[in-house]
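Input: a single structure, listed below in structure tokens.
The values are calculated or read from the model by the stated rules, or taken from the named source; none is laboratory data. Keep in mind that this is a model prediction, so the values were computed, not measured. Here the Cβ positions follow ideal geometry from the backbone for every residue, glycine too, while neighbour counts run over all protein chains shown.
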Amino acid sequence: MAEQADITKTVSELKEGEIPELGIGILGHAFMGKAHSNAFKILPYMMYPPVAMPRLVGIAGRNEEAVQEAARRYGYERAYTDWRRMIRNRNVHVFDNGASNDVHATPCIYAAEHGKHVICEKPLARSAAEARRMLEAVQKAGVKHMVAFNYRFVPAIVQAKKLIDSGALGRIYHFRAVYLQERLADPTAPKTWRQDKKTAGSGALGDLGAHIIDLGRFLVGEPKRVSGMTRTFIEQRPRLDGSVSGSVDVDDAFVAWVEFENGALGTLEASRMCHGRKNYNCIEINAEKGTLRFDLEKLNALDVYWADEEPKETRGFHNVLVTEAYHPYWENWWPRGHVIGWVHTFVHEFHHFFGAIVGKWDVIPWGADFVDGYKNAVICDAILKSSRSGRAVDVAYDL
């Protein structure tokens, strides 16, 4: 087992009422770097009393000027262009990887080997084989590990899981999910790292599809078999600097059907080619005793239908505003009806991870650990394999 950052001693020596401090070292200062840093700022006074106090020790990135500016903007103590140096900082207890997919494996493995707890953005890796190496590293090191599937921490999704787990819906028949965006619907939209297989691994499948695959496993159970199809509609895009066009070698969209081990059937679809769809992550679960429906663009609400509701003359969908004090996480937020947003899912996510680190609960089942990240990558690989072969593929985990 690797020598871990000394937080166990810190926690054990705390006096009653004192809160442990966790030093954060984050890789990446763009989209996810901003979202995660914002959560670190909000968490101590909203998830009160906090399970741990995040200390913003270091932030790393490739461009020295940009990462220095990010450190000033977000309040990190030091900026690094060498993530290895940041990880070796003895004040860093938690390594937060928000970089592009090609920089997930090596830094996370390095952090685990240096005894740091690791949280990594989704997808965990570009392939199941890469994810397996990451899983083996954190297990060998004995550190806490989590994949940042933040939609598990939407209050309405947590409420849906609680309803399912209680047996209130009975047997699950269908899980259907779509995740649609318009980000690439314009054929002149420039090529980024997300359209390059070497850096991204896959396109809409890993970027958006990984989220709905995770929600399917989280809410319904393990997939048994998948059949999928991928499509690249725009094969050449201009580069960010306006120079000669670059070839796109990942999918713009995918569709798949899923057979779950419990007998439920599922359909999955993700695309970045849908005009008018900003961030449309919508799931529906049909079951023996009712139906649940969730739309991320209206993330404070859950549509619920009960098949045996009386009187039947007024039976129909209820649009439940999940903002009551008894709903998940709401004791920390506002009075009923005063909604929260996408950014707050990261506050819940890090609150959960920090609680696991200091021994208040486990990462699973509410959070996704690297086992979940590995299984997600296996399913993504199976969908790609099915698309190439034109045949259904059994989902098999090598654990």
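Of the residues examined, His338 is one that is surrounded by fewer than 17 Cβ atoms within 10 Å (Cβ to Cβ) and not basic (Lys, Arg).
Which ones in segment 303-319 are under 15 Å from Leu292 (Cβ atoms) and of a type outside the set (Val, Ile, Thr)?
Quick first cut of segment 303-319, residues under 15 Å from Leu292 (Cβ atoms) only: 303-307, 309, 316-319.
Result: Asp303, Tyr305, Trp306, Ala307, Glu309, Gly316, Phe317, His318, Asn319.
As a summary of the residue check, Lys298 satisfies the conditions (1) among the charged types (D, E, K, R); (2) without any contact (Cβ under 8 Å) to a residue 12 or more places away in the chain; (3) over 30 Å from Pro50 (Cα atoms) except for the one numbered (3). Looking at Lys360, is it modelled with pLDDT of 95 or more, basic (Lys, Arg) and either under 21 Å from the mean Cα position of the chain (by Cα) or surrounded by 16 or more Cβ atoms within 10 Å (Cβ to Cβ) (or both)? So Lys360 fails the test.
The listed residues are Phe218, Phe233, and the only one of them that is hydrophobic (A, V, I, L, M, F, W, C), over 20 Å from Phe31 (Cα atoms) and not in a helix (DSSP H, G or I) turns out to be Phe233. Can you find, within segment 239-282, the residue that is surrounded by the fewest Cβ atoms within 10 Å (Cβ to Cβ) among those that are in a strand (DSSP E or B) and among the charged types (D, E, K, R)? Only one residue fits best here, namely Arg239.
Of the strands (runs of 3 or more DSSP E) lying entirely inside segment 283-344, those carrying at least 1 residues that are hydroxyl-bearing (Ser, Thr, Tyr) are 290-295, 301-306.
Among what's in segment 133-152 and is charged (D, E, K, R) and out of contact with any helix residue (DSSP H, G or I) (no Cβ under 7 Å at 6 or more places or on another chain), pick the residue that is nearest to Glu297 (Cα to Cα).
Let us first name the residues in segment 133-152 that are charged (D, E, K, R), namely 133, 136, 140, 144, 152.
Next, from what is left, pick out any that are out of contact with any helix residue (DSSP H, G or I) (no Cβ under 7 Å at 6 or more places or on another chain): 136, 140.
Details: Glu136: 36, Lys140: 40 Å.
Selected residue: Glu136.
Of the listed requirements (1) under 21 Å from His352 (Cα atoms); (2) more than 16 Å from the chain's Cα centre (by Cα); (3) of a type outside the set (Gly, Ala, Ser), Leu124 misses just one: (2).
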